[in-house]
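Please treat every number below as a calculation from the coordinates, not as lab data. Please read these numbers as outputs of a predicted model, since none were measured by experiment. Note that each Cβ is placed from the backbone with ideal geometry, even for glycine, and that neighbours are counted across all protein chains shown.
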Amino acid sequence: MSGPILVTRGLTKKYGSNLAVEDVGLRLEKGQIYGLVGRNGAGKTTIIRMLTAQTVPTSGEIELFGETTPKGLSAARARLGAMVEIPSFYPYLTAAENLEYYRRQRGIPGAGCVAEALERVGLQEAGKKKFKQFSLGMKQRLGLALALMNQPDLLLLDEPINGLDPEGIVEFRSLLLELNRQRETTILISSHILSELSNVATHYGFLDKGHMLEQISAQKLREKCRACLQLTVGDASAAALALEQRLETREYEVLPGNVLRLYDFLDRPQAVAAALAEAGVAILGLESKNANLEDYFLSLIGGVHHA
């Protein structure tokens, strides 16, 4: 098929009077690794549950592999793999036995897919080990193996690295990149661990309080997270006024906590400091830096852009 793999239009979910997700539009193309960025409670899990039919949207439309009707979506979801939290595995069954149980329950053809899925996530040597003996990292791997058994074209992962140690995070990251590069699996991964998303994502969607704030490619984001002078001042409003009137620049943004990022005068920090001092603005800190993903997200949810 041509066109996007996944599109949502006006996707909304209410629980009583609580609006968990409102008017969210997503768009994923084949081969992307889409990082759904948001703090805990932003609506990330609710979106993934609606995409996998675990939760019914209050309103809006889901288009999956070109299908929008209930019958078409049901068929299209056979091409999905999903991991929403760690699945309920049986503690006294082995990894292979657990996967075989779910293979039969879901009607996935070919018993060989169990061994293949275990090998793909590096659990081929643990096929006979009881689930109750698994470490958290192994449990996460088994959850991913379950999501991969049907060889999905689109993989949905909700906070998959929660609780993993640094070694486990690196291993999980390598698995995702291998799936994406070697099998061209499209991946949507939600997380509030933004530094880790920046190692894998090709595109981002920034979510806050159920609203999609922005969707952007990793390349465009790198361009936006350019070098700057970061100023911590006593009065951000007075500092902004001084930058515009004394230095004649609007290439800055204001962040929470009386912090400003100036994208001009990078090689002249002394001139910036002098202009603020002449305006009576207390300078508490001044440093050269590049913005990262966390900084950018904070500027979206609390900053005022001028750049």
Would you mind checking the radius of gyration and Dmax of segment 79-163 based on alpha-carbon positions, in Å?
-> 11.6, 33
Using the alpha-carbon atoms, what tilt in degrees (0 to 90, nearest 10) does helix 269-278 show relative to the longest principal axis of the chain?
-> 60 degrees
18 Å Cα-Cα reach of residue 128 towards aspartates and glutamates, excluding residues that sit fewer than 8 places from it in its own chain | 97, 100, 116, 119
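222 nm [θ] for the chain, helices only, -39500 (n - 2.57) per DSSP H run of 4+, per residue, to 500?
Details: 11 runs with 109 residues, N = 307.
Calculated from helices alone, the mean residue ellipticity at 222 nm is -10500 deg cm²/dmol.
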Share, in percent, of DSSP beta bridges within the chain that are antiparallel, nearest 5 = 65 percent
Considering only Cα-Cα distances, which of the following residue pairs are longer than 32 Å: 14/289; 13/130; 14/71?
-> 14/289; 13/130
At residue 227 and residue 71, where each label point lies 7 Å from the Cα along Cα→Cβ, what is the point-to-point distance in nanometres?
-> 6.1 nm
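Which chymotrypsin sites (Phe, Trp or Tyr not before Pro) does segment 154-213 hold that lie in a coil by DSSP with at most 14 other beta carbons within 10 Å?
Values: sites: 172, 204, 206; in loops: none.
Within segment 154-213, no chymotrypsin sites (Phe, Trp or Tyr not before Pro) qualify (loop, at most 14 other Cβ atoms within 10 Å).
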Separation of the residue 298 and residue 119 label points, Cα + 7 Å toward Cβ, nm = 4.7 nm
Using Cα-only point scatterers and the Debye equation, what is log10 of I(q)/I(0) for segment 1-116 at each q in 0.12 Å⁻¹, rounded to two decimals?
-> -0.55
If you keep only loop residues by DSSP, which trypsin sites (Lys or Arg not before Pro) in segment 101-143 have at most 15 other Cβ atoms within 10 Å of their Cβ?
-> 128, 129
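Do any trypsin sites (Lys or Arg not before Pro) in segment 1-97 lie in a DSSP loop with no more than 16 other beta carbon atoms within 10 Å, and if so, which? If you can, show how the numbers build up before the last one.
Details: sites: 9, 13, 14, 27, 30, 39, 44, 49, 71, 77, 79; in loops: 30, 39.
Passing both the DSSP loop test and the Cβ count: 30, 39.
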Express in whole angstrom the spacing between the alpha-carbon centres of segment 104-181 and segment 1-58.
-> 23 Å
